Amino acid sequence: MLLLQFSTSHYCRKARLALGFKRLDYQVENLAPGAHILKLKPLTGLTTVPVLLPQEANQPDAIADSTQIFHYLDRYQPDPPLSLDDAALNAEMWAIEDWLDESIGIATRFVYYDYRSGEGKQIDPSLSSQLVIQVVRWQYGIGKAQVELAKSRLDSALEFLSHRWQKSYLVGDRITAADLAAAALLSPLALIPVYRQNYPWVFDRIQDIHHHCGAALPPGLP
Ligand SMILES: N[C@@H](CCC(=O)N[C@@H](CS)C(=O)NCC(=O)O)C(=O)O
């Protein structure tokens, strides 16, 4: 299997966690931002990474979108499952996974790139890094008002997650797709001191899940 990715993308981290969770062997190909469109558009019709190429007979050529990769991996290798047996709990779990993917992962991106271009500039002040950050801010329309909304969305999300993740798994009695999504999509916050101070349990859970999946920890975590 080959994972097409941007090495720093938290959505690609999400796909890597699932591959690790399933104990599958895979390789990665790091795409250059910009040129990635030329490779991805003909393969998937989309321009986003991650994209998984199973590279096996009787398997699809390419699966785009991290959530679709989760569903594909559950069909390809059902054990251990990313889903739950109980239908109601499973529906709740996938709804939380979708919310994390479609709303919270984007809020994290906004807050993270805002931090990297301001208070967190010293993490990498090089011209090339700051140029990439400015391009990302422009590409996704990351301005002051959008960042304030994203911060408020993250605060509500972390309040919601605190009632579940501090004590146990997000849904059910074992790790599911929702736990992997949260661990990956909140991971960029590990570099932002205010989140480290206010929500230490988030980073404990992120570490636990990365260890469980045999995955390298995100920047900022030991
Ligand atoms: N919901 C999508 C989001 C993926 C996504 O936003 N990927 C970003 C990198 S973090 C990307 O490929 N951006 C490049 C582009 O949109 O052209 C998924 O889960 O795969």
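Rule-based calculations on the coordinates, nothing more; no lab input. What you are looking at is a predicted structure, and each value in this text was computed from that prediction instead of being measured. Positions of Cβ are backbone-derived with ideal geometry, glycine not excepted, and every protein chain shown enters the neighbour counts.
Arranged from highest to lowest average of other beta-carbon atoms within 10 Å per residue, in what order do the peptides 60-66, 132-138 appear?
The densest-packed peptide leads the list: 60-66, 132-138.
Look at the alpha carbon pairs under 8 Å that are at least 6 residues apart: their mean separation over the length of region 137-222 gives a relative contact order of 23 percent.
Approximating the spin labels as points 7 Å out from Cα along Cα→Cβ, the residue 106-to-residue 91 distance works out to 2.5 nm. You can think of it this way: the chain between residue 123 and residue 216 has 31.5 nm of extra reach, that is 0.36 nm per residue less the Cα-Cα gap. Beyond 25 Å, the tail of the calculated P(r) for region 97-222 holds 24 percent of the Cα pairs.
Could you pull out every whole DSSP H run in the chain that spans at least 30 Å of Cα extent along its own axis and averages -0.5 or higher on the Kyte-Doolittle scale? Qualifying helices, which must be both long enough and hydrophobic enough, are 144-165.
Packing around the peptides 37-49, 102-114, taken as the average count of other Cβ atoms within 10 Å per residue, puts them in this order, highest first: 102-114, 37-49. Each label point was placed 7 Å from the Cα along the Cα-to-Cβ direction; for residue 39 and residue 58 their separation is 2.9 nm. For the Cα trace of the chain, dividing Rg by the Kirkwood Rh returns an Rg/Rh value of 0.95. The label-point distance for residue 68 and residue 194, in a model that sets each label 7 Å from Cα toward Cβ, rounds to 3.6 nm.
Protection proxy ranking of 169-181, 185-197, 88-100, by the mean of other Cβ atoms within 10 Å over each peptide's residues and highest first, is 169-181, 185-197, 88-100. Averaging the sequence gap over all C-alpha pairs within less than 8 Å and six or more residues apart, then dividing by the number of residues, gives the chain a relative contact order of 24 percent. Checking the cross-link pairs 41/151; 121/151; 121/167; 14/39; 14/41; 41/144 against a 28 Å limit on the alpha carbon distance flags 41/151; 121/167; 41/144 as lying beyond it.
Nearest 500 deg cm²/dmol is fine: what mean residue ellipticity at 222 nm does the chain get from its DSSP H runs of n ≥ 4 alone, each adding -39,500 (n - 2.57), divided by its residue count?
-17500 deg cm²/dmol, from helical runs alone.
Any idea what the relative contact order of region 40-121 is, in percent, if you count C-alpha pairs under 8 Å spaced at least 6 apart? The value is 15 percent.
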